[in-house]
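Encoded as structure tokens, the structure appears first; notes follow it.
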Ligand code: ZN
């Protein structure tokens, strides 16, 4: 089985369609989403409808939990909070329920999927200590797990752990093994922040023991126009063009 791992769609319909089009040509069996389906951009219902129609396995992100009303966006910056509150008004009852019912963790073929970290949807995995902690928690899972996928930072990255040493992998394709664990962020579909504005995703192939990274161009201008027309903060449109 081959799995596409997507994350942080953030109501960006143009980016989601471009990514799913690319995946369609890639011999992928199952697509999984690490959460943050909504927030920031202007097509929350359309993006959720696609995930439901395509039966994409999906986690809950921190924007999803706020949009569903499980939590308030008190700790969000003003632009993000405004987009969450706007999203709440747009959601159909079915789609609000869809977000409300999303799980916080999924196990997929020897890997575990999370939004922020394994214990906390809102936690960012950023520092070496964060990474070391997560590798420890992966090992303590039952059964112990070597592969973790996370989102939330919107930055494509792969950490590997071999003989107690953590490395950041630089290649577009990485190999794992019985003694090499990996923590991987595929990057964001709908609001990349690693300086590359193209939509990002990864493919996980447990049989080949390989994870590969991919980027796809999409119609950024169309998404920006919708953000502005919806009256959302202009900064949310601008950042899409620079990938920050
Ligand atoms: Zn996000």
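The values are calculated or read from the model by the stated rules, or taken from the named source; none is laboratory data. Treat the numbers as computed from the prediction; the structure is a model and nothing was measured. Every residue, glycine among them, receives a Cβ derived from its backbone with ideal geometry; neighbour counts consider all protein chains shown.
Here are the numbers for the structure shown:
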item: So residue 51, is it away from the ligand (no atom under 12 Å from the Cβ) and either out of contact with any helix residue (DSSP H, G or I) (no Cβ under 6 Å at 6 or more places or on another chain) or free of Cβ contacts under 8 Å to residues at least 40 places away in the same chain (or both); result: yes
item: Looking only at the stretch 197-209, and only at residues there that are out of contact with any strand residue (DSSP E or B) (no Cβ under 6 Å at 6 or more places or on another chain) and either within 16 Å of the ligand (Cβ to nearest atom) or in a strand (DSSP E or B) (or both), the one that is farthest from residue 174 (Cα to Cα); result: 197
item: Filter result for residue 4 (out of contact with any helix residue (DSSP H, G or I) (no Cβ under 9 Å at 6 or more places or on another chain) and away from the ligand (no atom under 16 Å from the Cβ)); result: no
item: Tally, over the stretch 94-117, of residues that are touching a residue at least 40 places away in the same chain (Cβ under 8 Å), surrounded by fewer than 22 Cβ atoms within 10 Å (Cβ to Cβ) and within 16 Å of residue 30 (Cα to Cα); result: 4
item: Any hit, the stretch 170-192, residues being farther than 22 Å from residue 127 by Cα, touching a helix residue (DSSP H, G or I) at 6+ places or on another chain (Cβ under 9 Å) and surrounded by 15 or more Cβ atoms within 10 Å (Cβ to Cβ); result: yes
item: Some residue of the stretch 104-113 being closer than 18 Å to residue 40 by Cβ, touching a strand residue (DSSP E or B) at 6+ places or on another chain (Cβ under 9 Å), at pLDDT 95 or above and within 16 Å of the ligand (Cβ to nearest atom); result: no
item: Any hit, the stretch 51-69, residues being loosely packed, with under 14 Cβ neighbours inside 10 Å and more than 28 Å from residue 24 (Cα to Cα); result: yes
